[in-house]
Amino acid sequence: MQAENKGKTRDIVLSLFWLGFIVYTASYTISTTDQVNYIVCNVLQILGILLFIPSAAALIHVRIENSYLKVVYLLYCTWLLSILFRGIKFDYISVKTLLFDPYYGMFLYFVPFALLMPVTPGFMKKLFNVIVILGIVYIIFILIFLKQVLIPYYNVRSQAIIEYFSQQLSLPVGFLLLTFIYHSKKKNIFALLLMGATFILSVIRARRGLMFMSFSMLLFTYLVYQFVTKTKIVNVILSFFFIIIIVFGAVRIYENNRTDTFGLITKRIGEKTRTTVEAYFIRDFDTNDWIIGRGINGVYFCPGVMDEENKISIYRKVIETGYLQVILKGGIISLVLFLLIALPAMFLGILRSGNILSKAAGIWIFLFLIFMYPGSLAIFSFHYILVWISIGICYSDKIRNMSDDELKELLSPVATNSNRRTDDKTETDNSSIQS
């Protein structure tokens with residue numbers, strides 16, 4: 001009875017955490033449209049903060065049994081806290097940024113603590129549900145702002161809407177696609193259509209980085225599907241011809257609409273927009289900056305280039321290349337420590353695991369590392385939280401050694417009571433992501 005009550009309490013705390021996160025994320029995302037009241041959005045974000053901070057503290061279990069991970073992770077978290085406190089300001093604008101901006105605020109530096117949340121069946125089921133909820137919010141927001149999204153000419157705000165909406169709401173659905181064997185047919189179709197819509201809208205708005213990300217997720221989903229179904233050579237050949245037909249059809253559609261619907265991508269496909277800012281970045285950094293970075297409010301000299309608020313800047317706090325963004329704030333030390341954690345996890349998940357969940361986690365880490373060039377996804381978002389949850393899954397010998405049949409049974413929607421008992425045993429035996 002006591003164990004059952006404990007399980008129910010944990011479920012409530014976990015639900016409050018994700019509810020707070022969803023409220024915070026949805027409020028920020030819609031505020032980027034410039035069509036809503038910022039004060040209302042900030043109030044809702046405060047509500048989200050009041051929900052997810054205490055519940056996160058209650059969920060975290062500070063126990064890591066992998067000796068290598070324990071040392072490197074402790075160093076990394078300590079370094080992140082140093083980035084947070086270096087250059088921090090407490091004026092009105094700075095405090096607002098710290099609290100309400102997922103891209104440059106303080107919560108970004110606490111995302112790695114998601115590694116300390118035990119990955120139980122109940123945790124994973126709620127995580128999958130949150131992805132679906134964020135996807136539904138994405139659809140609602142897109143429909144509300146469809147007129148702005150489909151503007152046929154170059155428009156900075158329209159492009160920003162697609163980018164913010166996708167990064168915060170729709171890209172995590174890629175994890176559902178990669179773990180399709182654990183989900184219902186309806187959920188998989190929903191995920192596939194949503195990722196397809198993200199790709200199409202990124203093409204229309206000429207967001208090349210987003211095109212690459214969404215297409216990569218679809219491609220790796222196809223590869224995982226081929227791996228799971230152990231497709232015969234005949235099916236592989238048929239799939240190859242099917243892809244050729246799709247590509248041919250897409251080219252024909254593009255050619256017929258290149259001057260109107262796809263006019264922006266036609267114009268921008270060969271542009272090199274990062275060369276100038278990267279040159280300014282490299283020129284402005286000295287040896288000390290490269291090693292330790294410039295802290296949470298770090299900027300670099302970059303005159304005459306549009307900043308994140310669509311104004312001509314002299315100093316910028318963002319650079320479009322994700323790896324350089326990490327170096328801007330925390331230097332090469334920050335980047336190296338992260339890679340020392342992420343790369344072994346990726347290899348363990350992909351090559352040393354016996355189930356699709358672990359392999360999907362390894363692929364998610366791999367895709368994140370690839371995506372860090374066309375854009376920085378190291379932000380306070382579900383996508384980045386999922387990176388650290390994936391790292392935990394990959395370091396867990398227990399999870400990696402489970403079979404897909406075992407995981408299907410544990411993640412089944414009808415297994416609520418047995419899942420609670422498994423969750424309790426998981427915590428008792430420390431069979432969590434820290435194992």
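Read-outs throughout are calculated quantities, based only on the coordinates presented, and are distinct from any laboratory measurement. Just so we're clear, the structure is a prediction, and the values are computed from it rather than from any experiment. Cβ atoms come from the backbone with ideal geometry, glycine included; neighbour counts cover every protein chain shown.
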ask   = How about the range 136-196: which chymotrypsin sites (Phe, Trp or Tyr not before Pro) there lie in a loop by DSSP and see at most 14 other Cβ atoms within 10 Å?
value = Tyr153, Tyr154
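How big is the equivalent ellipsoid of the range 79-126 along its three axes, where each semi-axis is √(5λ) from the Cα gyration tensor, reported in whole Å from largest to smallest?
Its equivalent ellipsoid spans semi-axes of 29, 13, 6 Å.
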ask   = Around Ser94, what is the net charge, scoring Lys/Arg as +1 and Asp/Glu as -1 over all other residues with Cβ under 14 Å from its Cβ?
value = +2
task = Rank these for me by crowding, Ser403, Ser15, Ser27, going from fewest to most other beta carbons within 10 Å.
result = Ser403, Ser15, Ser27
request  = May I ask which residue of Leu98, Ile53, Cys77 lies farthest towards the positive end of the charge dipole of the range 33-108, with charges of +1 (Lys, Arg) and -1 (Asp, Glu) on Cβ and the Cα centre as origin?
outcome  = Cys77
message = Around Val173, under 15 Å between beta carbons, what's the net of Lys plus Arg minus Asp minus Glu among the other residues?
response = +2
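Where Rh is the Kirkwood radius over the Cα pairs of the range 7-161, the temperature 10 °C and the viscosity 1.306 mPa s, what D in µm²/s does Stokes-Einstein return?
Approximately 89 µm²/s, per Stokes-Einstein.
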request  = Note down the nm distance, to one decimal, between modelled labels 7 Å out along Cα→Cβ at Leu192 and at Ile314.
outcome  = 5.5
query = Taking the Cβ of Thr33 as the center, what net charge do the other residues with Cβ under 13 Å away carry, scoring Lys and Arg +1 and Asp and Glu -1?
reply = 0
inquiry  = Given axes a ≥ b ≥ c from the Cα gyration tensor, I'd like to know whether the range 1-97 is rounded (a/c under 1.5), prolate (a/b larger than b/c) or oblate.
reply    = oblate
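Taking 0.36 nm per residue of sequence separation and subtracting the Cα-Cα distance, how much length would be gained by fully extending the chain between Arg157 and Leu143, in nm to one decimal?
3.4 nm is the gain from fully extending Arg157 to Leu143.
Starting from the Cα-Cα distance between Ile200 and Ile46, subtract it from 0.36 nm times their residue separation and give me the gain in nm to one decimal.
Working: separation 154, 0.36 × 154 = 55.44 nm, distance 3.38 nm.
Answer, rounded to one decimal: 52.1 nm.
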message = How much length would be gained if the chain were fully extended between Val62 and Ile370, taking 0.36 nm per residue of separation minus their Cα-Cα distance, in nm to one decimal?
response = 107.9 nm
task = With a 10 Å radius around each residue's Cβ, average the other Cβ atoms per peptide and rank 321-333, 125-137, 388-400, highest first.
result = 388-400, 321-333, 125-137
